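The values are calculated or read from the model by the stated rules, or taken from the named source; none is laboratory data. Since this is a predicted model, take the numbers as computed values, not measurements. All Cβ positions, glycine included, derive from the backbone under ideal geometry; neighbour counts span all protein chains shown.
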């Protein structure tokens, strides 16, 4: 149902660059059928944007916070909004 489609924007803080975190995030997102991207920020954070069913986005957010990812996640700041422009696939930027 289109009504349950959302956009998750999450900033992941910690030692998450240069450790395979974006690749790992992409793999989890694709397993969940989400579109979007994971990009390194100049301040050392990774910005994750995912679109799709709310339940799948919530599962991705849970993965980001799980402590099971490469590197070390100190905190995750998440924001929810309506789905934006379509995004093809899930990429690392």
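Can you confirm whether residue 13 is closer than 17 Å to residue 76 by Cα, within 12 Å of the chain's Cα centre (by Cα) and either surrounded by fewer than 18 Cβ atoms within 10 Å (Cβ to Cβ) or modelled with pLDDT of 95 or more (or both)?
No, not satisfied.
Can you pull out every residue in the range 43-66 that is within 10 Å of the chain's Cα centre (by Cα) and under 15 Å from residue 21 (Cβ atoms)?
Correct list: 46, 47, 48, 49, 50, 60, 61, 63, 64.
Residue check: is residue 27 out of contact with any strand residue (DSSP E or B) (no Cβ under 7 Å at 6 or more places or on another chain) and either without any contact (Cβ under 8 Å) to a residue 24 or more places away in the chain or buried (at least 22 other Cβ atoms within 10 Å of the Cβ) (or both)?
Taking the combined requirement at face value, the residue satisfies it.
Matching residues to (1) in contact (Cβ under 8 Å) with a residue 60 or more places away in the chain; (2) in contact with a helix residue (DSSP H, G or I) (Cβ under 9 Å, 6 or more places away or on another chain); (3) assigned to a loop (DSSP other than H, G, I, E, B):
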{"site": "18", "(1), (2), (3)": "no, no, yes"}
{"site": "39", "(1), (2), (3)": "no, yes, no"}
{"site": "44", "(1), (2), (3)": "no, no, yes"}
{"site": "47", "(1), (2), (3)": "no, no, no"}
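If residue 55 meets every condition in (1) assigned to a helix (DSSP H, G or I); (2) free of Cβ contacts under 8 Å to residues at least 40 places away in the same chain; (3) farther than 14 Å from residue 25 by Cβ apart from one, which number is that one?
Residue 55 satisfies every listed condition except (2).
Mind checking which residues of the range 67-90 are closer than 13 Å to residue 21 by Cα and surrounded by 15 or more Cβ atoms within 10 Å (Cβ to Cβ)?
69, 70, 71, 73
Name every residue in the range 67-93 that is part of a loop (DSSP other than H, G, I, E, B), under 13 Å from the mean Cα position of the chain (by Cα) and within 24 Å of residue 15 (Cα to Cα), in order of residue number.
Selection gives 69, 93.
Out of (1) part of a strand (DSSP E or B); (2) surrounded by fewer than 16 Cβ atoms within 10 Å (Cβ to Cβ), what's the single condition that is false for residue 33?
Of (1) part of a strand (DSSP E or B); (2) surrounded by fewer than 16 Cβ atoms within 10 Å (Cβ to Cβ), only one is false for residue 33: (1).
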